[in-house]
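K.L.:
Below you'll find the structure I mean.
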Amino acid sequence: NAGVTQTPKFQVLKTGQSMTLQCAQDMNHNSMYWYRQDPGMGLRLIYYSASEGTTDKGEVPNGYNVSRLNKREFSLRLESAAPSQTSVYFCASSHRLAGVGEQFFGPGTRLTVL
Amino acid sequence: AQTVTQSQPEMSVQEAETVTLSCTYDTSESDYYLFWYKQPPSRQMILVIRQEAYKQQNATENRFSVNFQKAAKSFSLKISDSQLGDAAMYFCAYQSGGGADGLTFGKGTHLIIQP
């Protein structure tokens, strides 16, 4: 049982390049999330998917797109990377549809945009 | 929108002593959940403890307990018998009771354990 996995672990991009961060979970969870963590800040929600086939914006969605490929996978795409998107990105999943549901986090992806 | 405030950027405690980390939040909702997450240097996010707002009883998990004051919108974490492995960033987080919204995090408290 791998939990939540993210690829890649590290990435360096040049301004204007595009890339997709991959996330997968094997816990049969309904909901999946993407967060970013900047120095001195807590995690901030970028996008989430309450269930397969749905996605919604979070607090900081500008510059990102997401795809809920199936129940297991939720990808985050940067179409034209900017230095302001340098951050650590975390994917999380939860069984929650209603009521409390612990979010399980992946190990994170450290992204640097030059 | 909900906000979560952690007013202590850094705390230090002697090994085996007790430390309390503060968290306040602002919400107009009556149904919500509160969490404390630990982030060690490995940066893995680990759930420490959670509290349902409708429960009056404070949650406890071994050496970790919370003081939940709903009227004051306060949710502090007490760590008893501090251990070197408790050294980490600690984040307080809020989640709405309805739907599958994400978590709203505070900025974190860096906990240092002095041997």
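The values are calculated or read from the model by the stated rules, or taken from the named source; none is laboratory data. Bear in mind the structure is a predicted one, so any value in this text is a computation, not a measurement. Virtual Cβ from ideal backbone geometry, glycine too; neighbours counted across all protein chains shown. Just so you know, the surface numbers come from the protein's heavy atoms only, side chains and all, with ligands and any DNA or RNA stripped out. Shrake-Rupley method; radii C 1.70, N 1.55, O 1.52, S 1.80 Å.
K.L.:
Only one of B:THR3, B:THR24 is surrounded by fewer than 17 Cβ atoms within 10 Å (Cβ to Cβ) and β-branched (Val, Ile, Thr); which?
P.N.:
Exactly one residue qualifies, and that residue is B:THR3.
K.L.:
Can you tell me how many residues in the stretch B:92-115 are at the interface with another protein chain (Cβ under 8 Å from one of its Cβ atoms), in contact (Cβ under 8 Å) with a residue 12 or more places away in the chain and closer than 17 Å to A:TRP34 by Cα?
P.N.:
6
K.L.:
Can you give me the ranges of the strands (runs of 3 or more DSSP E) entirely in the stretch A:1-111 with at least 3 residues that are among the small types (Gly, Ala, Ser)?
P.N.:
Hits in the stretch A:1-111: A:87-94.
K.L.:
Checking the conditions here, which among B:GLN56, B:GLN14 is open to solvent by 80 Å² or more (accessible area, probe 1.4 Å), farther than 30 Å from A:ASP56 by Cα and modelled with pLDDT of 95 or more?
P.N.:
Criteria check complete, one pass: B:GLN14.
K.L.:
Sticking with this structure for a sec: Please work out which residue is surrounded by the fewest Cβ atoms within 10 Å (Cβ to Cβ), limiting yourself to the stretch B:34-48 and to residues that are part of a loop (DSSP other than H, G, I, E, B) and either facing chain A (nearest Cβ under 10 Å) or touching a Gly at 6+ places or on another chain (Cβ under 7 Å) (or both).
P.N.:
Checking each candidate, the answer is B:SER42.
K.L.:
Then there is this: Any chance you could count how many residues in the stretch A:32-72 are out of contact with any Lys or Arg (no Cβ under 8 Å at 6 or more places or on another chain), open to solvent by less than 60 Å² (accessible area, probe 1.4 Å) and more than 14 Å from chain B (Cβ to nearest Cβ)?
P.N.:
Looking only at that region, the number is 2.
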